[in-house]
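Working notes, structure below.
Readers should treat all values here as calculations from the given coordinates under stated rules, not as data from a laboratory. Note that the structure is predicted; figures quoted are calculated from it, not measured. As a convention, Cβ positions derive from the backbone with ideal geometry for all residues, glycine included, and neighbour counts pool all protein chains shown.
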Amino acid sequence: MGLTIGFIGAGNMTKAIVSGLVSSKLFEPADILVSNPTQAKLEIFKTEYGVGTTTDNTALAMASDFIVLGVKPGVIPEVAHQLKDVPDLKSRVLITLAAGIPIAFYEEILGEDQPLVRTMPNTPAMVGEGMTAVWANSRVDEKNLQMVLRIFDALGKSLIIKESLFDAVTATSGSSPAMVYVFIEALADGAVLRGLPRETAYLLASQAVLGAAKMVRDSGLHPGVLKDSVTSPGGTTIEALKVLEDRGFRGSVMEAVNQCAEKSKQMALQFK
Ligand SMILES: NC(=O)c1ccc[n+]([C@@H]2O[C@H](COP(=O)([O-])OP(=O)(O)OC[C@H]3O[C@@H](n4cnc5c(N)ncnc54)[C@H](OP(=O)(O)O)[C@@H]3O)[C@@H](O)[C@H]2O)c1
């Protein structure tokens, strides 16, 4: 393809994306670069994926058409200031993974004419089932925007979502895997209570959640219709559902999403 993609920060999200790009063959390993302050992490990328590595963020940026900022939000100001002096930066697309930092923050440092894409990925990208929200400023042309979507489609699914809705996205797909893990753990605890071995319980619970998620995503049916179809009159499933309703399951989940989005909004204020 002739394009190069560079990742600043050799952490968990970079690993998930590099792994997806290499296995989808969207980029050749020779066209992928990763930078990190510590050499040990870079060695892993070199050995596992055969990509190029460096400890020099500026050198990486100069060699990349797409520059992915894969550092924690607290490190973003330092890295953004470092990139400011990279020659010809405006011909490169900067893609940020950082939670809570608006595009306007980067524009303030790098100029409003810098092509910028803000994303909110999630960790299921590590198993090819990620969900990434994408929003670009007006400097990203259609060809580059389509390329960004292809990059994140290689890790699962991607969708353009207005930046003003990113707090809701953080709660709904960014942080929600943790809520689902708690649900799976609770399902398995119930199973263990009724005598199933622990490992069997986790397999049954996780496979049920995976299957149910695919039913919702792929059938196009409303979740309520799917629920009704497995709930026989006077049967076992309706007994379980009554307990969840009595104990406020739906309201708890809704409020968890609401509070998570609120926290995301509050955290973003420090970057205004
Ligand atoms: N993990 C998630 O679920 C998730 C979901 C959505 C978005 N995100 C976003 O993705 C970004 C990365 O998260 P992560 O979980 O992958 O973090 P992480 O595993 O902590 O990785 C961050 C990496 O950045 C490196 N680093 C620190 N300072 C650097 C610098 N000045 N230049 C280059 N590299 C530097 C760190 O190196 P050392 O460890 O060697 O210091 C580390 O390898 C964050 O902004 C986060 O908000 C994460």
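Listing for the model above:
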{"read-out": "Helix 236-246 axis, angle to the chain major axis (alpha carbon atoms, nearest 10°)", "value": "70"}
{"read-out": "Average Cα contact separation per residue, the chain, under 8 Å, 6 or more apart, as relative contact order %", "value": "15"}
{"read-out": "Translational D in µm²/s for the chain (Stokes-Einstein at 10 °C, 1.306 mPa s, Kirkwood Rh from C-alpha pairs)", "value": "77"}
{"read-out": "Helix axis angle, 249-268 relative to the chain longest principal axis, alpha carbon, degrees", "value": "20"}
{"read-out": "Antiparallel DSSP beta bridges within the chain, percent to nearest 5", "value": "15"}
{"read-out": "Beta bridges by DSSP in the stretch 10-160, antiparallel share as percent, to the nearest 5", "value": "20"}
{"read-out": "GNM flexibility winner over the chain from Phe27, Phe166, Phe152 (Cα, springs under 10 Å)", "value": "Phe27"}
{"read-out": "Sparsely packed trypsin sites (Lys or Arg not before Pro) within the stretch 191-254, loop by DSSP, other Cβ within 10 Å at most 16", "value": "Arg194, Arg247"}
{"read-out": "Lysines whose Cα lies under 19 Å from that of Lys90, excluding same-chain neighbours fewer than 8 positions away", "value": "Lys143"}
{"read-out": "Gained length - Ala104 relative to Ile160, 0.36 nm times residue gap less alpha-carbon distance", "value": "18.4 nm"}
{"read-out": "Phi to ³J(HN,Hα) by Karplus 6.51 cos²θ - 1.76 cosθ + 1.60 over the stretch 2-15, Hz, x for Gly, Pro", "value": "x, 9, 10, 10, x, 10, 9, x, 9, x, 4, 5, 4, 4"}
{"read-out": "Given Lys84/Lys157; Lys227/Lys263; Lys41/Lys263; Lys72/Lys265, the pairs whose alpha carbons are separated by over 24 Å", "value": "Lys84/Lys157; Lys227/Lys263; Lys41/Lys263"}
{"read-out": "Relative packing of 229-237, 263-271, which averages over residues the other C-beta atoms within 10 Å, highest first", "value": "263-271, 229-237"}
{"read-out": "Gain upon complete extension [Val180, Ser91; 0.36 nm per residue less C-alpha separation]", "value": "28.0 nm"}
{"read-out": "Rounded to the nearest 20 debye, dipole of the stretch 79-155 from Cβ charges on Lys, Arg, Asp, Glu", "value": "120"}
{"read-out": "Sites Asp65 and His222, calculated FRET efficiency, Cβ-Cβ separation with R0 45 Å, nearest 0.05", "value": "0.60"}
{"read-out": "Set of aspartates and glutamates near Lys25 by C-alpha distance (under 18 Å), chain-local residues within fewer than 8 positions excluded", "value": "Glu48, Asp65, Glu129, Asp153"}
{"read-out": "Two-site FRET efficiency, Leu196 against Val243, from Cβ-Cβ distance with R₀ of 22 Å, rounded to 0.05", "value": "0.75"}
{"read-out": "0 to 90° range, to nearest 10: angle between helix 39-49 axis and the chain longest Cα axis", "value": "70"}
{"read-out": "Pairwise label distance in nanometres, Ser206 with Glu142, each label 7 Å out on the Cα-Cβ vector", "value": "4.3"}
